[in-house]
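Some notes on the structure that comes next.
The values are calculated or read from the model by the stated rules, or taken from the named source; none is laboratory data. Bear in mind that the values here come from a model prediction, so they are computed numbers and not experimental data. Here the Cβ positions follow ideal geometry from the backbone for every residue, glycine too, while neighbour counts run over all protein chains shown. Just the protein is used for accessible areas: all its heavy atoms, side chains included, with ligands, DNA and RNA removed. Shrake-Rupley method; radii C 1.70, N 1.55, O 1.52, S 1.80 Å.
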Amino acid sequence: MQKKINGALVLVFVLLLQACEAQSHLVQDELETVTTENLKYYLYYPEDYFDTDGDFGLLLFLHGGGESGGDIGEIKKNGPPKMLVEGKQFPFLILAPQNPHPKKWWNTDAVVQLLDSVVDTNRVDKNRIYVTGLSRGGSASWELATQYPKKFAAMAVVCGMTPLPYAHWIDEDLQIWVFHGDQDEVIDVEQSDKMVRKLREMGRKVRYTKYKGVGHNAWERAYATDSLYTWLADQKRIN
């Protein structure tokens, strides 16, 4: 009997010793990290910006994956930058940065730092800041809406992946217009279908344009929609 008791005590001691050894490897510490990003960008000024006083709205445009990295001129292939090259005039500033990484998501924190810098050094109405993006840039636009819910007055998203579980993080006053092709084989249209449905169930007013027979290049029709820019220019945050 005594041997059994001693054996049990030894076993308990060994288990306690093992537990203490395991705990000794759990170390609490901290490290302040610093991340830098080199963002090239284009900045468009409206025709009357330098001839008049007062503040202007600003549209942040985020391109897709195909224009990431390399020559910044690539971002002129689609969206508002392409229209600017073709001679279209807009009533607000347009900030168009380039994602420097061909196979990485947008660094949205860096984008916001750039945006804030441009806003602070130009005559920009902080209640009239808009964001739009296509494909990977559309996904980043949704991310900005969840991470910076008070930053934008309106958002136009073209065929972007959606943060469905975090739809409730999006500010209820943000005006949203979603575009998607129903034959998109890159980012399924269900991404937008489900997000729009959830936002509407929460009582949000969301515009949704779904193009029949259109694939991933829905941006070609979306950014050719003149009423999109009139709609954006009419939006203003009420703080």
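The table below lists the values:
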item	result
Residue within segment 189-200 that is farther than 18 Å from Met161 by Cβ and open to solvent by 60 Å² or more (accessible area, probe 1.4 Å) present	yes
Scan of segment 154-209 for residues that are among the hydrophobic types (A, V, I, L, M, F, W, C), over 20 Å from Arg221 (Cα atoms) and touching a residue at least 40 places away in the same chain (Cβ under 8 Å), ordered by number	Met195
Residue check for Leu144: open to solvent by less than 20 Å² (accessible area, probe 1.4 Å), within 27 Å of Lys76 (Cβ to Cβ) and in a helix (DSSP H, G or I)	yes
Hey, Ala222 touching a Ser or Thr at 6+ places or on another chain (Cβ under 8 Å) and in contact (Cβ under 8 Å) with a residue 60 or more places away in the chain or not	yes
Search result, residues across segment 201-239 that are among the polar types (S, T, N, Q), open to solvent by 70 Å² or more (accessible area, probe 1.4 Å) and part of a helix (DSSP H, G or I)	Thr230
Residue, most open to solvent (accessible area, probe 1.4 Å), within segment 157-187, restricted to residues that are hydrophobic (A, V, I, L, M, F, W, C) and in a loop (DSSP other than H, G, I, E, B)	Val186
Residue ID - modelled with the lowest pLDDT, chosen from residues in segment 207-236 that are out of contact with any strand residue (DSSP E or B) (no Cβ under 9 Å at 6 or more places or on another chain) and acidic (Asp, Glu)	Asp226
Only listed residue being over 28 Å from Gln191 (Cα atoms) and of a type outside the set (Asp, Glu), chosen from Pro91, Pro100	Pro91
Given (1) over 16 Å from Asn38 (Cβ atoms); (2) of a type outside the set (S, T, N, Q); (3) out of contact with any Gly (no Cβ under 6 Å at 6 or more places or on another chain), index of the condition Lys104 fails	(1)
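This table checks each residue for (1) more than 19 Å from Leu58 (Cβ to Cβ); (2) of a type in the set (Lys, Arg); (3) out of contact with any Gly (no Cβ under 6 Å at 6 or more places or on another chain); (4) modelled with pLDDT under 95.
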| site | (1), (2), (3), (4) |
| --- | --- |
| Asp120 | no, no, yes, no |
| Val124 | no, no, yes, no |
| Glu143 | no, no, yes, no |
| Lys150 | no, yes, yes, no |
| Thr162 | yes, no, yes, no |
| His168 | yes, no, yes, no |
| Gln175 | no, no, yes, no |
| Gly181 | yes, no, no, no |
